[in-house]
1. For segment B:166-176, give me the residue count where each residue is more than 8 Å from chain A (Cβ to nearest Cβ) and open to solvent by less than 40 Å² (accessible area, probe 1.4 Å).
2. For segment B:140-157, indicate whether the set of residues that are buried (at least 21 other Cβ atoms within 10 Å of the Cβ), within 7 Å of another protein chain (Cβ to nearest Cβ), on the phi < 0 side of the Ramachandran plot and at pLDDT below 90 is non-empty.
3. Do we find that B:Leu144 is out of contact with any Ser or Thr (no Cβ under 9 Å at 6 or more places or on another chain), over 17 Å from A:Arg50 (Cα atoms) and without any contact (Cβ under 8 Å) to a residue 60 or more places away in the chain in this structure?
4. Within the group B:Leu160, B:Leu123, which residue is surrounded by 19 or more Cβ atoms within 10 Å (Cβ to Cβ) and at pLDDT 80 or above?
5. Looking at B:His61, B:His49 in this structure, which one is away from chain A (no Cβ under 11 Å), closer than 29 Å to A:Leu23 by Cβ and modelled with pLDDT of 90 or more?
6. Would it be correct to say that B:Ala30 is open to solvent by less than 40 Å² (accessible area, probe 1.4 Å) and within 12 Å of chain A (Cβ to nearest Cβ)?
7. Could you list, in sequence order, the residues of segment B:123-139 that are closer than 14 Å to A:Arg50 by Cβ and more than 8 Å from every other protein chain (Cβ to nearest Cβ)?
8. Out of (1) assigned to a strand (DSSP E or B); (2) away from every other protein chain (no Cβ under 14 Å), what's the single condition that is false for A:Val152?
Amino acid sequence: MSDNRCRAPRRDADLIDYLRGELPAEAEHVLEEHLFDCPACTEQLARFERIGAGIRDLVAGAMAGGVVNHQFVERLRQSGLSIREYRLTPGVTVSCQAGPEDYVLVRMAAEFGSLADVNVEVEFHDLERNAKAPVMRRQAEIDRAAGELMLVFPGTVVRSYPRSLWTMQVHGRMEDRVQRFGPFIMDHTP
Amino acid sequence: MDRFAARQPAEDGWEDGALARAISGGARAAEAEFCRRFAPRIRLYGLRHLRSEDAAQDLTHDVLLRSLAKLRAGEVREPERIASFVLGVARMLVHERRRRREDQLNEEHLARFEYTLRPPDPLAADRLRQCLDQLAERERAILLLTYYADQSTENIAASLGLKSGTVRVIRHRGVIALRDCVGAAPEASR
């Protein structure tokens, strides 16, 4: 046991799947035999476990956001985090005002259908300075069950924005044709 | 005595067989080394199968107790395969836990030893958050849904309109990228 290196290190993908319980039973059994005998692979496994725990802590601490689905939002609510929610539909401007909530949830609803390769273009207009930022383009995902594109933002991030107008367009491919949806507009007041 | 305080034994570097024989011979230092060596492995096994930090720590305590009892009595038939023996005890106790509601714990024998069983130090939140923000949106979404919302690969795939295999590959890529970004890996990715 003086040499901590493993002569046959296990694949990272297998270690990640093991922690999720997603290895086939036989492969899991073999991996566990190895892990109990190998401090190096155990340490790799522990690193991946810390990553997962770290992500949970970030979300629970209202420090992480992005594209989510309705089950994620439900989990946030169950954990006692406060969420301010805005539902946007094409062509309608929604007023939003920053508050003390942990997260802001933006739900963009349209007839997205089977839209693939989804991207969101975001135009940010600082109304205090009357200045527009370059359009940002972000990859996104549609929650197929909800039929919405759902984004969560940490409340601390939202509270840092000035008086501003956010105009968003969603586009992607459907049946080999580019489809666009929007504009989805938020009128933000700090 | 604080069972969670860390203290390195004066002697280490035992091969597993020598460790088992030393325990049978009554060497206190060997028993402490046994606890230090196997506690992290049992904890990770417990996290995989019991899905709870508290349950994993309880399991670790129980497995160490029972394993030491057998080792002291010289009842481990293959001392060189002590790792397999410990894994077997862990499997048995997980099985028992799934069938029983309460366990009676005898803490008397373990109270003399100290071993570290607190969860590993959490990753620096700010660093992890920065690394998470650098991921592609799809990778970040899958990691949030996996590790915070605890959704299965199949659920995530259905929610985002992806194949399960694709979700798995993206998750691997995202977790490995985070590991490398936060600087937790001592060697190149495998």
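1. Residues that pass the stated criteria total 3.
2. no
3. Details: out of contact with any Ser or Thr (no Cβ under 9 Å at 6 or more places or on another chain): yes; over 17 Å from A:Arg50 (Cα atoms): no; without any contact (Cβ under 8 Å) to a residue 60 or more places away in the chain: yes.
Criteria not met by B:Leu144.
4. Testing whether each residue is surrounded by 19 or more Cβ atoms within 10 Å (Cβ to Cβ) and at pLDDT 80 or above leaves just B:Leu160.
5. Numbers: B:His49 fails: away from chain A (no Cβ under 11 Å).
Only one candidate qualifies: B:His61.
6. Values: open to solvent by less than 40 Å² (accessible area, probe 1.4 Å): yes; within 12 Å of chain A (Cβ to nearest Cβ): no.
Here the answer is no, as B:Ala30 does not meet what is asked.
7. Going residue by residue through segment B:123-139, those that are closer than 14 Å to A:Arg50 by Cβ are B:123-125, B:127-128, B:131-132.
If the condition is that a residue be closer than 14 Å to A:Arg50 by Cβ and more than 8 Å from every other protein chain (Cβ to nearest Cβ), then B:Ala124, B:Arg127, B:Cys131 are the ones that fit.
8. Here A:Val152 clears every test but (2).
The values are calculated or read from the model by the stated rules, or taken from the named source; none is laboratory data. Because the structure is predicted, anything quoted here is derived from the model rather than measured. Methodologically, a virtual Cβ is constructed for each residue, glycine included, from the backbone with ideal geometry; neighbour enumeration extends over all protein chains shown. Areas reflect the complete protein model, heavy atoms only, side chains present, ligands, DNA and RNA absent. Shrake-Rupley method; radii C 1.70, N 1.55, O 1.52, S 1.80 Å.
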